[in-house]
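A.B. asks: Below you'll find the structure I mean.
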Amino acid sequence: MTRQLDASGQVGSALGRRGSRRQIRLQKFLCMQTKDVMTKLVLTISQHLTLRELEPLFETHDFNGFPVVEGRHLIGLVTKFDFLKNFVFTPDTVFPHYDDLMKRSVKEVMTQNVCTVHLATPLTRVLQMMVETRDHSFPVVDEKNRLAGIISRGDIVRALRG
């Protein structure tokens with residue numbers, strides 16, 4: 001371990017300064033809100049899109065889900081999981097034709113009761129929600145339920161890094 005004089009002339013260790021920088025980053029994180037780190041430019045889709053039209057969007061953009069909007073208002077979220085649920089069959093179901101499944105609309109398969117956060121939601125709360133729900137991301141809405149952005153696990157990680 002090396003020892004250096006700091007700006008006040010005191011002897012300190014390089015390791016100690018690194019630790020204090022990390023502590024400052026953590027303190028900064030504790031004060032951050034969703035609006036500080038969210039992704040503002042969000043790709044959204046219409047509820048009228050078919051699963052056939054949705055499938056290549058998942059491949060092209062490699063997102064776990066897309067917010068579904070009507071105007072600017074969030075009306076749902078469609079995820080890869082929602083898409084895949086269409087292909088689960090039980091002994092009690094009639095085996096549908098693939099083309100019929102792909103004609104289904106996003107409205108038929110999307111999650112309508114979406115967990116959202118607001119612009120001023122503290123990042124600590126967003127992180128807690130992600131841990132509790134295991135969700136990858138949350139749409140960010142304003143006071144009128146208009147989509148303002150999206151916050152993901154990656155956004156949280158970047159905020160923690162400082």
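The values are calculated or read from the model by the stated rules, or taken from the named source; none is laboratory data. As the structure is a prediction and not an experimental result, all values here were calculated from the model. Note that each Cβ is placed from the backbone with ideal geometry, even for glycine, and that neighbours are counted across all protein chains shown.
A.B. asks: Only one of VAL69, VAL141 is surrounded by 17 or more Cβ atoms within 10 Å (Cβ to Cβ), over 30 Å from LYS28 (Cα atoms) and touching a Leu at 6+ places or on another chain (Cβ under 8 Å). Can you tell me which?
C.D. replies: VAL69
A.B. asks: In this structure, does LYS107 turn out to be surrounded by 14 or more Cβ atoms within 10 Å (Cβ to Cβ), over 15 Å from ASN64 (Cβ atoms) and of a type in the set (D, E, K, R)?
C.D. replies: yes
A.B. asks: May I pose another question? Within region 124-139, identify whether any single residue is at pLDDT below 95, touching a strand residue (DSSP E or B) at 6+ places or on another chain (Cβ under 6 Å) and at positive phi, and answer yes or no.
C.D. replies: So far as region 124-139 goes, no, none of its residues is at pLDDT below 95, touching a strand residue (DSSP E or B) at 6+ places or on another chain (Cβ under 6 Å) and at positive phi.
A.B. asks: I would also like to ask the following. Among the residues of region 72-89 satisfying the criterion of being surrounded by fewer than 13 Cβ atoms within 10 Å (Cβ to Cβ) and free of Cβ contacts under 8 Å to residues at least 24 places away in the same chain, which is farthest from PRO139 (Cα to Cα)?
C.D. replies: My answer is PHE89.
A.B. asks: Ok, one more. Six or more apart or on different chains, Cβ under 6 Å: which pairs go from a residue in region 36-53 that's free of Cβ contacts under 8 Å to residues at least 60 places away in the same chain to one that's in a helix (DSSP H, G or I)? Could you list them?
C.D. replies: LEU49/VAL106; LEU51/MET102; ARG52/MET102
A.B. asks: Which ones in region 49-67 are of a type outside the set (Asp, Glu) and farther than 21 Å from ARG153 by Cβ?
C.D. replies: LEU49, THR50, LEU51, ARG52, LEU54, PRO56
A.B. asks: OK, next. Considering only region 24-135, give the helices (runs of 4 or more DSSP H) lying wholly within it that have at least 1 residues that are more than 22 Å from ILE151 (Cβ to Cβ) and more than 13 Å from the chain's Cα centre (by Cα). Walk me through it before giving the result.
C.D. replies: On the way: elements: 34-37, 51-61, 80-85, 98-102, 106-109, 123-133.
Once the helices (runs of 4 or more DSSP H) in region 24-135 are filtered for at least 1 residues that are more than 22 Å from ILE151 (Cβ to Cβ) and more than 13 Å from the chain's Cα centre (by Cα), what remains is 51-61, 80-85, 98-102, 106-109.
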